[in-house]
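Take a look at the structure set out below.
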Amino acid sequence: MKAISIPLKLINLQDDGFHLLMEVVMFKEKHLAVLDTGASRSVFDKSLIEKHLSETLQVSDEINAATLFTTTTTIQATIPQVKIGSLKIKDYETVAFDLQSVSDTYQQFGHPPIMGIIGGDILMQYKAVIDYKKLRLKLYKQK
């Protein structure tokens, strides 16, 4: 298996503890995502998905995506490619939430906006290892 190493940024959200941020590329644009080992699956910001995939969206009233952040309306979509470091995930089936309140909180503390949450589905599939000392995420891709 080949290891892909992704740099992480550790930020302090005052009373909320520490969060790890990572860069992801979607729709040929760089975005920041929270690395959330407690999220059952990865989710992305609804406005970003709507902007790029408006013709192919499905609105969902009920979804089983438990994350740190609560939300109401969700949409389902397929992102043509999500790039994390040199890892390319094609046709990623996702749910999208309104992450504006999360982004607002980050920006309130002087951090950049958040466009996604990388959760257990991707972390498990690619056998993620988080190195807090070196602030690196290692993902393992089958050759």
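Couple of notes before you dig in:
- Residue within segment 46-59 that is among the charged types (D, E, K, R), surrounded by 13 or more Cβ atoms within 10 Å (Cβ to Cβ) and either touching a Ser or Thr at 6+ places or on another chain (Cβ under 8 Å) or at pLDDT 65 or above (or both) present: yes
- Ile114 crowded, with 17+ Cβ neighbours inside 10 Å, modelled with pLDDT of 95 or more, of a type outside the set (S, T, N, Q) and in contact with a Ser or Thr (Cβ under 6 Å, 6 or more places away or on another chain): no
- In this structure, Lys127 does not satisfy being within 19 Å of Met1 (Cβ to Cβ), in a strand (DSSP E or B), out of contact with any Asp or Glu (no Cβ under 6 Å at 6 or more places or on another chain) and not β-branched (Val, Ile, Thr).
- The set of residues from segment 11-27 being modelled with pLDDT of 90 or more and more than 16 Å from Ser103 (Cα to Cα) comprises Val25, Met26, Phe27.
- Among the candidates Ser5, Ser40, Ser47, residue that is over 20 Å from Tyr92 (Cβ atoms) and either touching a residue at least 40 places away in the same chain (Cβ under 8 Å) or not β-branched (Val, Ile, Thr) (or both): Ser5
- Output for segment 126-143, where each listed residue is over 15 Å from Leu8 (Cα atoms) and surrounded by 13 or more Cβ atoms within 10 Å (Cβ to Cβ): Tyr126, Lys127, Tyr140, Lys141
- The lone criterion from (1) assigned to a strand (DSSP E or B); (2) under 16 Å from Glu23 (Cα atoms) left unmet by Tyr92 is number (2).
The values are calculated or read from the model by the stated rules, or taken from the named source; none is laboratory data. Predicted, not measured: the structure shown is a model, and the values here were computed from it. Here the Cβ is made from the backbone with ideal geometry for all residues, glycine too, and neighbour counts use every protein chain on show.
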